[in-house]
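Working notes, structure below.
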Amino acid sequence: MSNGSLLAPADTIVGMARLRRQLECDIHLVPIVDERGCGYCLRFLAEAPDARDLSMTTRIEELERWLLANRSVPEELFYARIEALVGRRISPHELDDPDTLIQRAQRPGRTYDWDDW
Ligand SMILES: [Zn+2]
């Protein structure tokens, strides 16, 4: 089992689609067999609670899970959920630095960090 699969840069969608065939979902430990991604993750997203109803702790835990796992769902669903959890729009660039994104999401209030990219 290779452990060298880092998140692909967000702008290499085609490359990712190919890469994803060899991946498994880090969350559910099942192979990701096609472009649709992990069936369990998709089902979770389809029924996911509104991020605004979650406690800060729950939101951050879920955010960490998405950011640190292999990409397991299509790009647009991934972005939509991350943005819901963070509570604002994000730039693809922010995904390169999950730690900072998680820290920002923990700030009280909804600050808009467009200044440093
Ligand atoms: Zn999954």
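Taken together, the values in this text are just the output of simple stated rules run on the coordinates, not laboratory data. As the structure is a computational prediction, the values presented were derived from the model and not from experiment. Heads up, the Cβs are rebuilt from the backbone with ideal geometry, glycines too, and the neighbour counts pull from every protein chain shown.
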Where labels lie 7 Å past Cα in the beta-carbon direction, separation of residue 65 and residue 106 in nm:
1.8
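Compactness ratio of segment 10-107: Cα Rg over 2.2 N^0.38 Å, N = residue count?
On the way: Rg = 13.1 Å, N = 98, 2.2 N^0.38 = 12.6 Å.
Segment 10-107 yields a ratio of 1.04.
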